[in-house]
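Participant: Handing you a structure now.
The values are calculated or read from the model by the stated rules, or taken from the named source; none is laboratory data. These numbers come from a predicted model, not from an experiment. Virtual Cβ from ideal backbone geometry, glycine too; neighbours counted across all protein chains shown.
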């Protein structure tokens with residue numbers, strides 16, 4: 001598929017006053033180099049961000065970070081205004097995304113955040129600024 005470089009050509013012309021095919025090719029080469037720097041883990045990273053993109057899942061992660069340890073699913077469920085099934089599904093999604101770990105003890109399931117979840121929450125807090 002041929003690339004439509006019309007807008008790129010206009011941008012380069014606006015920036016420098018002139019533009020030729022060599023300028024477009026050089027800029028495309030530079031941009032291609034940038035895309036090669038995107039890590040191969042982008043799919044896993046996207047899954048993590050998608051998991052945090054849901055209010056219930058995000059709040060569960062925040063709750064577990066604040067707990068600074070593990071909580072049983074029976075302690076988590078009453079805190080959310082969604083069905084038990086929705087909480088269970090959210091916990092599974094977060095575990096699959098690598099943000100939670102779980103262990104089973106008899107009939108009880110316990111969840112806690114992974115270091116990655118804790119680092120992501122810390123990064124969000126650090127970038128929020130003073131306005132929070």
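Participant: For the condition within 30 Å of residue 8 (Cα to Cα), part of a helix (DSSP H, G or I) and either modelled with pLDDT of 95 or more or in contact with a helix residue (DSSP H, G or I) (Cβ under 8 Å, 6 or more places away or on another chain) (or both), what is the one hit in 121, 61, 24?
Facilitator: One residue alone meets the criteria, 24.
Participant: OK, next. Tally the residues that are surrounded by 11 or more Cβ atoms within 10 Å (Cβ to Cβ) and over 14 Å from the mean Cα position of the chain (by Cα), restricting the search to segment 112-124.
Facilitator: Qualifying residue count for the region: 3.
Participant: Restricting the search to segment 30-54, which residues are part of a helix (DSSP H, G or I) and either surrounded by 10 or more Cβ atoms within 10 Å (Cβ to Cβ) or in contact (Cβ under 8 Å) with a residue 40 or more places away in the chain (or both)?
Facilitator: Those that are part of a helix (DSSP H, G or I) and either surrounded by 10 or more Cβ atoms within 10 Å (Cβ to Cβ) or in contact (Cβ under 8 Å) with a residue 40 or more places away in the chain (or both): 31, 44, 45, 46, 47, 48, 49, 50, 51, 52.
Participant: Give the residue, chosen from 73, 48, 82, 24, that is farther than 22 Å from residue 125 by Cα, out of contact with any strand residue (DSSP E or B) (no Cβ under 9 Å at 6 or more places or on another chain) and assigned by TED's automatic domain parsing to the domain that holds residue 122.
Facilitator: It is 82.
Participant: Within the bounds of segment 79-87, is there any residue that is closer than 30 Å to residue 5 by Cβ and loosely packed, with under 11 Cβ neighbours inside 10 Å?
Facilitator: So far as segment 79-87 goes, no, none of its residues is closer than 30 Å to residue 5 by Cβ and loosely packed, with under 11 Cβ neighbours inside 10 Å.
Participant: Between 109, 102, which is assigned to a strand (DSSP E or B), over 13 Å from the mean Cα position of the chain (by Cα) and surrounded by fewer than 15 Cβ atoms within 10 Å (Cβ to Cβ)? Working first, answer last.
Facilitator: Details: 109 fails: surrounded by fewer than 15 Cβ atoms within 10 Å (Cβ to Cβ).
None of the other options fit; the residue is 102.
Participant: May I pose another question? Out of curiosity, is residue 8 over 19 Å from the mean Cα position of the chain (by Cα), surrounded by 10 or more Cβ atoms within 10 Å (Cβ to Cβ) and either farther than 30 Å from residue 98 by Cα or modelled with pLDDT under 90 (or both)?
Facilitator: Judged against the criteria, residue 8 is a match.
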